[in-house]
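Remarks on the structure that follows.
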Amino acid sequence: MPHLKDPWINGTLWVLASPILFVQAILRARRRYRFFRLAMEPAIRCECNEIVSLVGFWKCSCGFTYHGHLVRRCPVCFSVPCVIRCYRCGVTTKLPEDE
């Protein structure tokens, strides 16, 4: 594939791509904000109005057990939990994902 060296073509492509890249950056920033905001909360509220603690003893899917906040990377497999279950009603809530 030949390199585009014509500044008019490069400028036109940049102008056409800029709004799309801007929207993608805004959506990515919003997802990260939601994730980091949740990572600082000690608890969340379930649909049944029960408070579900995010701090405690947790077991990763790889089997590693740790004490602390739910939304942190596992030191063994580096995964981040994606759901939490309410112990009162059993509803599973999807957590925001880290990128």
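Among the residues of segment 61-99, those identified as in contact with a Cys (Cβ under 8 Å, 6 or more places away or on another chain) and either farther than 25 Å from TYR33 by Cβ or among the small types (Gly, Ala, Ser) (or both) are SER61, CYS62, PHE64, TYR66, VAL76, CYS77, SER79, ARG88, CYS89. Would it be correct to say that VAL83 is surrounded by 10 or more Cβ atoms within 10 Å (Cβ to Cβ), out of contact with any Gly (no Cβ under 7 Å at 6 or more places or on another chain) and in contact (Cβ under 8 Å) with a residue 12 or more places away in the chain? No; evaluated as a whole, the condition is false for this residue. The requirement of being of a type outside the set (A, V, I, L, M, F, W, C), over 20 Å from the mean Cα position of the chain (by Cα), modelled with pLDDT of 90 or more and surrounded by 11 or more Cβ atoms within 10 Å (Cβ to Cβ) is fulfilled somewhere in segment 33-55, by at least one residue. In segment 84-96, the condition of being touching a Phe, Trp or Tyr at 6+ places or on another chain (Cβ under 7 Å), modelled with pLDDT of 90 or more and part of a loop (DSSP other than H, G, I, E, B) is met by no residue. Within segment 60-80, how many residues turn out to be outside any loop (DSSP other than H, G, I, E, B) and surrounded by 11 or more Cβ atoms within 10 Å (Cβ to Cβ)? Qualifying residue count for the region: 3.
The values are calculated or read from the model by the stated rules, or taken from the named source; none is laboratory data. Computed from a prediction, not measured in an experiment: that's the story for all the values here. Positions of Cβ are generated from backbone atoms using ideal geometry, with glycine treated the same way; all protein chains shown enter the neighbour counts.
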